[in-house]
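Reading through the structure tokens given below for one structure.
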Amino acid sequence: MANLKTAEKKTKAQSMGMHTETLTGKTQQKFFNPDEAENFFYWGTFDVDFNKRTNLDVKDLDCKQANGKIDELMSQGYGTIVIKNPQGKHSLGVGILNKLNLIFEGSLGYFGVGSIDGPIVRVNGRVGWSCAENMMAGKVVIEKNAGSCFGAAIRGGDLICKGSVGARTGIDQKGGTIIIGGDAGAFTGFMMQRGRIVILGDVGINLGDSMYDGTIYVGGKIGSFGSDAVESPMTKDDIDWLKRKLKVAEIGENFDVSKMTKVVAGKKLWNYDALEPTEKKGAI
Amino acid sequence: MCGIAGLIHRGKSSNVGEELQHMLQALKHRGPDSTGYALYANNDGQNFILRFKVGENVGEGSTSVNEDESVYNERKKIVDKKLSELGALVVKEEKLTPYSYRYEIKFDKDLMDFSKSVESIPSVEILSIGKSLELIKDLGDATVVSERYGLNKVQGTHGIGHARMATESGVDIKSAHPFWGYPFADVSVVHNGQLTNYWNNRRVLENKGMRFMSECDSELIAVFLAEKMRNGATLEEGMKESLTGLDGVFTYFVATKDSLGMAKDTMAAKPLVLYESDDLVAMGSEEIAIRSILPQEIDTYDPFDGEVKVWQT
């Protein structure tokens with residue numbers, strides 16, 4: 001990263017992940033004005049120390065109180081927080097936008113760790129519907145099973161379930177990687193737009209239905225292909241990537257990835273190839 | 001959206017009334033309008049338990065009306081006369097609310113004819129008939145209904161329940177779940193979802209002599225299964241046929257005297273979390289329902305699309 005104090009305005013903006021390019025046509029991108037760099041502030045984030053560890057018992061707290069406590073602990077610099085007795089409560093650990101080690105000693109209900117951007121989460125239990133929905137970055141590991149809509153609309157990061165998941169895993173996925181150690185239900189990868197889904201077990205009917213882009217790898221049986229989803233040959237790059245990813249995810253240690261089925265979109269979006277890479281996001 | 005919950009103890013009885021109350025209360029946010037219980041109690045099995053109502057408890061959007069208690073009392077007298085004419089001997093009677101009763105009766109003839117005859121009395125509806133089934137439903141959350149009917153002391157083997165958010169019909173008892181599997185003793189159904197071929201199925205089933213008491217789409221499941229069973233299908237066979245016979249999105253539970261079943265539509269559009277051990281099966285729309293009776297860490301899972309399961313006591 002360039003030195004932000006001495007860099008040119010344009011370099012400075014680009015170093016902070018922004019850009020000043022001019023796009024033609026419709027776009028949903030918003031541009032950062034380098035003149036306002038001093039005012040740039042990522043609301044709701046905290047500088048934390050991973051070595052500073054604490055426990056939080058949420059047995060008698062509702063989700064709003066529990067999430068408020070997590071914020072409070074992060075504001076005090078705690079970088080490793082262990083949540084005790086989550087007992088299937090909904091919406092725990094949502095909206096965390098900074099680095100954090102977050103460990104749940106138990107199971108989560110719906111919308112657990114949704115809209116996160118950066119934390120590393122481990123759930124020593126099960127999660128309900130829509131776990132990690134809209135996740136931007138970070139890593140989430142579920143030790144047991146997960147409900148439907150696992151990783152709905154994630155933009156980035158790694159989402160790993162060591163057990164089986166329900167229907168519509170990776171629905172509307174826009175980036176990142178979802179890895180499932182067990183089986184997955186119907187409509188996996190429904191309307192998928194980017195990213196990768198890896199399923200070591202079997203998958204249900206309508207796999208990849210209406211997918212625009214992205215890649216799905218399946219280790220077991222496929223119930224049926226959805227509209228627009230087709231099989232594609234595995235390449236050496238696919239195999240290398242899968243081996244590396246599974247190793248990092250600590251899952252499927254002896255799994256023969258070369259025998260997996262690769263599934264991609266069989267149709268191209270209208271005018272998709274004619275668009276600039278940055279415009280493709282706007283198109284979908 | 002509605003919340004459903006069910007549990008079955010295998011090889012033993014428990015305080016199912018209280019357990020189901022906790023499970024349904026945990027799902028209150030999914031359906032605050034009315035709550036219903038179908039409890040399979042440790043009755044002596046000698047007599048039929050007849051639960052019926054002679055009027056309504058009316059909330060928003062209902063097509064029914066609240067009436068004076070004197071009207072209900074008059075209707076009750078007509079029911080008593082009808083039971084006598086049908087040869088049913090009332091062994092015990094309890095007035096539970098101004099509009100609902102629980103009778104223990106001795107009766108050994110055809111239940112369909114019996115039900116048709118009793119329900120020919122205007123505004124009278126049989127909520128359930130069975131040797132162990134105790135079907136209770138009313139407006140309010142799980143705790144309110146349980147306290148009103150004294151359910152937390154009911155001992156039994158299994159039960160299903162429903163917290164209703166009224167969407168397809170008004171807030172009243174006739175549209176509340178569970179639905180009795182008329183005319184079969186001890187059969188009840190709860191449903192979360194929406195059925196889109198309700199009227200087509202209803203017309204066909206009515207032509208076959210089946211009866212509908214409400215405009216609630218969920219009642220179709222009970223009638224659909226009852227019609228299949230009337231024609232010789234087992235409960236599980238009927239449930240499997242429902243996956244294609246019913247259109248829409250659904251997760252439903254059905255219970256009989258000694259079994260509990262679940263079915264999930266082929267799109268798996270409605271939630272269900274399931275806990276299964278050697279001596280207990282507990283399931284609900286959300287895990288918090290199960291946690292309300294099993295706070296310790298347990299393994300649960302979501303059944304897949306098009307799945308049908310049946311457990312015995």
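None of the figures in this text is laboratory data; all of them are computed from the coordinates on show. Only a predicted model underlies this, so the values are computations on that prediction, with no experimental measurement involved. Positions of Cβ are backbone-derived with ideal geometry, glycine not excepted, and every protein chain shown enters the neighbour counts.
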Which semi-axis lengths, in whole Å and largest first, follow from the square roots of five times the eigenvalues of the Cα gyration tensor of the protein assembly as shown?
-> 52, 26, 22
Counting Lys and Arg as +1 and Asp and Glu as -1, what is the net charge of the other residues whose Cβ lies under 15 Å from the Cβ of A:Leu56?
-> +2
What pairs in B:Lys76/B:Lys109; B:Lys92/B:Lys240; A:Lys262/B:Lys28; B:Lys28/B:Lys53 have C-alpha atoms more than 32 Å from each other?
-> B:Lys92/B:Lys240; A:Lys262/B:Lys28
Label point distance in nm, B:Thr234-B:Val65, each placed 7 Å from Cα along Cα→Cβ = 5.0 nm
The stretch B:79-178: C-alpha gyration tensor shape, a/c 1.5 cut-off, then a/b vs b/c | prolate
What size of dipole, in debye to the nearest 20, comes out for the protein assembly as shown about its Cα centre when the only charges are +1 on Lys and Arg C-beta atoms and -1 on Asp and Glu C-beta atoms?
-> 880 debye
For the stretch B:21-80, shape from the Cα gyration tensor axes a ≥ b ≥ c, cut at a/c of 1.5 then a/b versus b/c, turns out oblate
In whole angstrom, the spacing between the Cα centers of the stretch A:38-105 and the stretch B:186-252 equals 47 Å
Between the stretch B:156-178 and the stretch B:17-94, how many Å separate their Cα centres?
-> 12 Å
Quick one: which residues, 5 or more positions from A:Lys144 or on another chain, have an amide H under 5 Å from its amide H? H modelled 1.01 Å from N in the peptide plane, none for Pro or chain starts.
-> A:Gly125, A:Lys162, A:Gly163
Which value, in debye to the nearest 20, gives the size of the charge dipole of the stretch B:3-312 about its Cα centre, when Lys and Arg are +1 and Asp and Glu are -1 at the Cβ?
-> 740 debye
May I have the extent of the alpha carbons of the stretch B:3-312 along their three principal axes, as whole Å values ordered from largest to smallest?
-> 53, 41, 38
Could you run the Karplus curve 6.51 cos²θ - 1.76 cosθ + 1.60 with θ = phi - 60° over the stretch B:87-94 and give me ³J(HN,Hα) per residue in whole Hz, x for Gly and Pro?
-> x, 8, 9, 7, 8, 8, 9, 10
Would you be so kind as to identify which of B:Asn73, B:Tyr103, B:Val16 lies farthest towards the positive end of the dipole of the stretch B:1-124, taking Lys and Arg as +1 and Asp and Glu as -1 on Cβ and the Cα centre as origin?
-> B:Val16
Residue by residue through the stretch B:51-62, the couplings from Karplus 6.51 cos²θ - 1.76 cosθ + 1.60 with θ = phi - 60°, in Hz, x for Gly and Pro, are 10, 8, 10, 10, x, 10, 10, 9, x, 4, x, 6
Per-residue Cβ contact counts at 10 Å, fewest first, order B:Trp199, B:Trp180, A:Trp43, B:Trp311 as A:Trp43, B:Trp199, B:Trp311, B:Trp180
Name the long-range amide H neighbours of A:Lys89: under 5 Å, sequence gap of 5 or more, or other chain; modelled H, no Pro or chain starts.
-> A:Gly109
For A:Cys131, net neighbour charge (Lys/Arg +1, Asp/Glu -1) across residues whose Cβ lies under 14 Å away = +1
P(r) of the stretch B:226-277 in 10 Å steps, Cα pairs, percent per bin?
-> 22, 52, 24, 2
